[in-house]
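Worksheet for the structure shown next.
The values are calculated or read from the model by the stated rules, or taken from the named source; none is laboratory data. As the structure is a computational prediction, the values presented were derived from the model and not from experiment. Glycine also receives a Cβ, built like all others from the backbone with ideal geometry; neighbour counts cover every protein chain displayed. For the accessible areas, the whole protein counts, side chains as well, though only heavy atoms, and no ligand, DNA or RNA atoms are used. Shrake-Rupley method; radii C 1.70, N 1.55, O 1.52, S 1.80 Å.
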Number of protein chains: 2
Amino acid sequence: MPSEFDLIRRYFTRPAAHADLGVGDDAALFRVAAGMQLAVTTDTLVAGVHFFPDAAPRDLGWKTLAVNLSDLAAMGATPRWATLAISLPSVDEDWLAAFADGLFECATRYGIDLVGGDSTRGPLAMTVTALGEVPAGTAITRAGGLGGDDLWISGQPGLAALGLAILTGAEKQWPNDHSPLRALHRPVPRVELGVALRGAARAMLDVSDGLAGDLGHLCECSGRGAVLEAAALPLVALREAGADEALARRCLLSGGDDYELLFAAPPAARDDIAALARQLDVPLARIGHLVAEPAPILLCEADGRTTEITPAGFDHFATNG
Amino acid sequence: MPSEFDLIRRYFTRPAAHADLGVGDDAALFRVAAGMQLAVTTDTLVAGVHFFPDAAPRDLGWKTLAVNLSDLAAMGATPRWATLAISLPSVDEDWLAAFADGLFECATRYGIDLVGGDSTRGPLAMTVTALGEVPAGTAITRAGGLGGDDLWISGQPGLAALGLAILTGAEKQWPNDHSPLRALHRPVPRVELGVALRGAARAMLDVSDGLAGDLGHLCECSGRGAVLEAAALPLVALREAGADEALARRCLLSGGDDYELLFAAPPAARDDIAALARQLDVPLARIGHLVAEPAPILLCEADGRTTEITPAGFDHFATNG
């Protein structure tokens, strides 16, 4: 069995374009450009909690990095570097090679250097810490939303939750299960969008625990309330995949694993944001607005009726308990 | 049961002295001082592999951070920031509070900001990524050792391995089990020493997998061989704790969990290094020297006999397989 030292060197060492020293010493070394703030985030995926133990390792490698890049994108930061800590019940060389391929596919796509790692025996789990740069003072936090700001969401949130429902057999008869499963296994971090929204979005986060729950976090951090317009919610892809209205809404509002960007921006930025959507070829839906005072989130139907929605997002402790 | 969001906020949020944004957003934000390189390292501790599941949580909190600071110290970097990813089989509030206390005790001692985190349900394990600063070009890698350089080691390596032997009952009758158990549970990262060795040490690493194995890594990275002087090995504390000569040597050479600094420095630096040892009150033993050509590591006895020692360091896959 190869040693711990060799595992990292053999599978996770590729040339680092933006680092002075990569994998193989006690620490990696790199420089942060002048005038930049460093943005740092960390996320763990655990077998049986965040993915099925028999998940395809190539997808898992992609997703392990992608979910972290999504967090950097949500700050408007450009991702640059990452470290990987992986624990494995045993050393399966084919599995490791495929996992590394998926991880480096994502790293290459977004220009990330994997600069360090740790491998150990243990239950299957992986933790990535991703680091990015953002011009000082331009990062988009969760806290800057103002009353009257539009609320926007990227992509097709809810698809991954539908994919999970398909995988677990909780829902039957799927005319089209490709896009939900792909959304679940290969989330696309909105890196270019996040960076492009600097100066336009006033508050932002990535939706990983369901739109309702994460909107709740944005409202709480910004000290605002929110109204969502039911008719504006991006449900088309969910309907096309075969979900009825109730399931589509449930997946969208309280699903998880979306890694789409939810942001608040002033109405004056509408044209710029619409132009950005075309330019980056990323669907952006304007789904509601913030209200000035803290208040429960309201969902407004086409006929004017409103209901309060609770932020019952996907919670790893609550839902797996 | 508190939500994932609350877990991080409740137990791992303290004011960040050197960060623009800490725990609670999608990513942390901080600035790296001009002229500095960032040093980044990551290490995982898994229950049943790196510690006993019933280990005291306060010690575990300390150690989780300390082992990462040791890696930064081994580069000569000043530790500044850290993130924590923790997976827990269940939420035990007392355990979490004690773990957080131990972690912040270490963070406070060394001036570290915990800037981000992730908590999830899963087998008990924790991954810390630690970040530090080092003036560009002054980091001490494993690769700079030259033939004729002295080899130095800090502290009392082997004590932690003796502590493990005591804990597992592998060895009996201990006149003094305090210092070995303390070494195992509360390793002291040599932060001040690492920084002070900039400009003096030519190659350095931290000894976490046994002196022989880690010296092998230093030799390999520097492209050198090494000779150790048996009479110079720091065995006093091991003998005082009750270990006989054979056990003391085994703990020292192929133990683990030491987190002492092993470094190569030119003979001209001897006086400065001895002065540093007094000034920092850290024992430093000069245990041998590097030879110019790659070669097996030799152990030279007081009577002149030499034996080859194999770098059979502590390996998480090999020893737990």
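Within the shell defined by Cβ-Cβ distances under 15 Å, the residues around A:ALA130 carry a net charge of -4, with Lys and Arg each +1 and Asp and Glu each -1. Residues whose amide H comes within less than 5 Å of that of A:PHE51, counting only those at least five positions distant or on another chain, are A:VAL46 (H built at 1.01 Å from N in the peptide plane). Buried on complex formation within the stretch A:98-122 (loss of at least 50 square angstrom of accessible surface versus the isolated chain, 1.4 Å probe, ligands and nucleic acids ignored): A:ASP118, A:THR120, A:ARG121.
For chain B, the longest piece that avoids every one of the trypsin sites (Lys or Arg not before Pro) found in DSSP loops with at most 13 other C-beta atoms within 10 Å covers B:1-171.
Could you check what % of the DSSP bridge pairs in the stretch A:150-309 are antiparallel, to the nearest 5? Antiparallel bridges make up about 90 percent of those DSSP assigns within the stretch A:150-309. Taking the accessible area of the stretch A:150-309, probe 1.4 Å, and keeping the other protein chains in place, the carbon and sulfur fraction comes to 51%.
Inter-chain Cβ neighbour count for B:81-92, averaged per residue, equals 4 (cutoff 10 Å, partner chain atoms only). GNM remark for chain A: springs join alpha carbons under 10 Å apart, and the peak mean-square fluctuation among A:ALA77, A:ALA237, A:ALA136 falls on A:ALA136. Interface size, chains A and B: roughly 5100 Å² of accessible area buried, both sides included, 1.4 Å probe, rounded to the nearest 100. Placing +1 on the Cβ of every Lys and Arg and -1 on the Cβ of every Asp and Glu, with no other charges, gives chain B a dipole of roughly 420 debye about its Cα centre. By the helix-only formula, in which each DSSP H run with n ≥ 4 contributes -39500 (n - 2.57) and the sum is divided by residues, chain B has a 222 nm mean residue ellipticity of -10000 deg cm²/dmol.
Rounded to the nearest 20, the Cβ-based charge dipole of the protein assembly as shown about its Cα centre (Lys and Arg +1, Asp and Glu -1) stands at 760 debye. Toward the positive end of the charge dipole of the protein assembly as shown, with +1 on the Cβ of Lys and Arg and -1 on the Cβ of Asp and Glu, the farthest Cα among A:SER90, A:LEU261, B:LEU211 is that of A:LEU261.
When the Cα positions of B:ALA34, B:SER70, B:SER119 are compared along the charge dipole of the stretch B:34-149, B:ALA34 comes out farthest toward the positive end, with charges on each C-beta of Lys, Arg, Asp and Glu. The residues of the protein assembly as shown expose on average 37 square angstrom of accessible surface per residue, using a 1.4 Å probe on protein heavy atoms. Taking the label point as lying 7 angstrom from Cα along the Cα-to-Cβ axis, what are the distances from A:GLU308 to the corresponding position in the remaining copies, in ascending order and in nanometres? Its label point is 7.7 nm from the equivalent points in the other copies. For B:SER90, the label point sits 7 Å beyond Cα toward Cβ; its separations from the matching points on the remaining copies run 3.0 nm, from shortest to longest. For A:ARG270, the distances from its label point to the matching points in the remaining copies are 8.1 nm, ordered from shortest, with each point set 7 Å beyond Cα toward Cβ.
What net charge is computed for the residues neighbouring A:PHE263, neighbours being all others with C-beta under 12 Å from the C-beta of A:PHE263, Lys and Arg scored +1, Asp and Glu -1? Surrounding charge for A:PHE263 is -1.
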